[in-house]
Amino acid sequence: MEADYRDVGEAAWSWVLSQVRGDQGPWLPDTVLDDQPPSGPAADRDSLYAGIAGLAPVLAEIAQSRALSDTEQYLADAVVARLAAQARTRTEASLYDGLAGDATALAMLAPGTEAAALQRVASLMTPPGWLTTLGQDGSDAPLTDIIAGSAGIVLTATWAGGEHADQIAAGGGEALLAAADRTDAGLDWGTVPGAPSRGPNYSHGTAGIATALAMAGAMLDRADFVEAAVQGAQHLLDVGSLDDGGFIVPHTIPPTTSRVVEPVTYTWCHGPTGTSQLFAALAHADVTDVAGLEVTDLRRRCLHSVLTSGVPQRLRPGFWDNDGRCCGTAGVGDVLLDAAQDSPDPGGRDMLLAAARTMGDALVERVIRDEDGARWRFIEHRQDPPLLPPGTSWMQGAAGIAAFLLRLARVLEDGPDAPVVDRPDQWWAVPARLRTVRPPSAVPEQGS
C-alpha cells in the first residue's frame, strides 16, 4: 500500500504543477473548473493557505525522497524570488495569509532568506498586535488566532528563530495576554477581544492561542506566558467533555445561526485533532498537568476522540465532507503521524500509524484519477449538486493531500525515525532530532 500512497501523492502533485500559472511570478488558481479557465491571480496568491507559499512544504517533502526535477527547482526558485521581493512591501503579517507564511516558505526553500520577512513582521508590530487586512467589516484591528492573527505570528517566531524572534514572540505574547477574557475556570480568547461567539479549538481560538503562549513562554523563559497557556487549557476543560476516555470541545460557543455546523467536529481547525497540539506544547513548556490531568494523557484523549468518532467515514451529510488538510482527512492523518513519531510506546505508535493509514486509504479510495493526474472533490451537502470543484492548495486541496500521502509512504517505509518536514504550527509535536527545517537563524552557535 505504501506504493499506492506514493503513486497517488505524486499524481496529485503532478496535477497541482500543471495548474501553476505565471503573471508577475507564479500563481495557483484555488479551484479548477473543467469548463472555465482561471480568471487570474487572487488577492491571496502568495499565501501559505491557498497560494504559492503553500507549495513550499510540498517541495520540501518531495526533497526527502528524491531530487527535485528541473521543473520543480525552477518553481521553487520562482516562489523564493516572488516572496522575497514582496517581503519589502507587504503589510499583512499573518501566518496563513501574510509575511509569517512567506517566512515559512522561504525558510523551507532557501534558508536564510526568511530574515527579511521576519524583520518586516517585527517592524509592523503594535502593542495590541498586528493590524490586519483580513478583519471582518473592513476593520484592521489585530486578530488573535493562528490562521490570521498574533498566535500564528508568535509560533512562526518560535520556529524560525533569528534576530527578531524574541521581539516578535514577546510583543505578540503580551498582546495575547492583553486580549484574554477571564472566565470562571481560566482564560478564553475570541478572534478579536470581546467577540460574542468563540471557535475555541485550534485554528481560531483558545487552543491555538494558548499553544502560542506556551511556546513563547518556553523560548523566552516567561512564566506568565506559560501560566496563561495553562489557564487557557483549564477553560477548555471546563467547556469541553472528558466522556468515554476522550476529550472534545464544541465547534462554536455559543452556536451561531449564521453558519450551521455539527456541534462537535474532529478536524485540525475546529476539533480535537488540532487541539491535541496544545497539550504537546504544554509538555514542551515543562507543564506536566492541567487541573490534575496529565498533559500527555490529554493529548492521547484528544486523539482517542478522533479515532472513535467515525472519521473518515461520511456517516451523515455534514459529518465528514472534506479530505483536505485544514478541515479534513489529510490534516487528521498528518497529526496522527506527528503523534506516532513522537510516541515512546511501541503499541501506541503502531495504533497511531494504523490510524494514519486509514486516512491514507480513504484518500486513495476517493481520488479522481485520469491522464491529468489526481485530485479530490469535497462535498457541500447543502448545495445541489453537492460536489465542489477540485482544489489545488496546501490547506484545502491536492497540494496538502499530496504532502501527507508522500510523508505517510516515507514513514511506513523508513520507520518512525523518518525525518519530519516541520512547520510553525506543529514543530514541537515531533522529536527535535527528526526536524528537517532548521533555518540558519534558528540554529544555536557552537558553544551556546
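The values are calculated or read from the model by the stated rules, or taken from the named source; none is laboratory data. Since we're looking at a predicted model, the values are computed, not measured. FYI the Cβ positions are ideal-geometry reconstructions off the backbone, even for glycines, and counts take in every protein chain you see. To get the accessible areas, we keep the full protein, side chains included, count just its heavy atoms, and leave off ligands, DNA and RNA. Shrake-Rupley method; radii C 1.70, N 1.55, O 1.52, S 1.80 Å.
Of all the residues that make up the range 107-129, how many are closer than 15 Å to Gly173 by Cα, open to solvent by less than 10 Å² (accessible area, probe 1.4 Å) and either outside any helix (DSSP H, G or I) or among the charged types (D, E, K, R) (or both)? The qualifying residues number 1. Residue pairs whose Cβ atoms lie under 6 Å apart, separated by 6 or more positions or on different chains, with the first residue in the range 367-382 and at positive phi and the second buried (at least 20 other Cβ atoms within 10 Å of the Cβ) and not small (Gly, Ala, Ser), are Gly373/Trp15.
Among the residues of the range 35-63, the ones that are out of contact with any helix residue (DSSP H, G or I) (no Cβ under 8 Å at 6 or more places or on another chain) and charged (D, E, K, R) come to 2 in all. Being among the acidic types (Asp, Glu) and under 22 Å from Glu61 (Cα atoms) holds for only one residue in Asp370, Asp350, Asp384, Asp361, and it is Asp361.
The single condition from (1) in a helix (DSSP H, G or I); (2) at positive phi that Thr104 fails is (2).
Let's see how each residue does on (1) under 15 Å from Phe404 (Cα atoms); (2) in contact with a strand residue (DSSP E or B) (Cβ under 7 Å, 6 or more places away or on another chain); (3) at pLDDT 95 or above:
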residue: Val260; (1), (2), (3): no, no, no
residue: Thr296; (1), (2), (3): no, no, yes
residue: Gly331; (1), (2), (3): yes, no, yes
residue: Asp338; (1), (2), (3): yes, no, yes
residue: Asp350; (1), (2), (3): no, no, yes
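Taking helices (runs of 4 or more DSSP H) as the structural unit, those lying wholly within the range 137-254 and holding at least 3 residues that are among the polar types (S, T, N, Q), under 18 Å from Tyr96 (Cβ atoms) and open to solvent by less than 40 Å² (accessible area, probe 1.4 Å) correspond to 150-160.
Going through the range 344-366 one residue at a time, which ones are without any contact (Cβ under 8 Å) to a residue 60 or more places away in the chain, acidic (Asp, Glu) and closer than 30 Å to Pro431 by Cβ? Result: Asp345, Asp350.
What is the residue count in the range 261-315 for residues that are more than 15 Å from Pro250 (Cα to Cα), open to solvent by 30 Å² or more (accessible area, probe 1.4 Å), aliphatic (A, V, I, L, M) and not in a strand (DSSP E or B)? Total meeting the criteria: 4.
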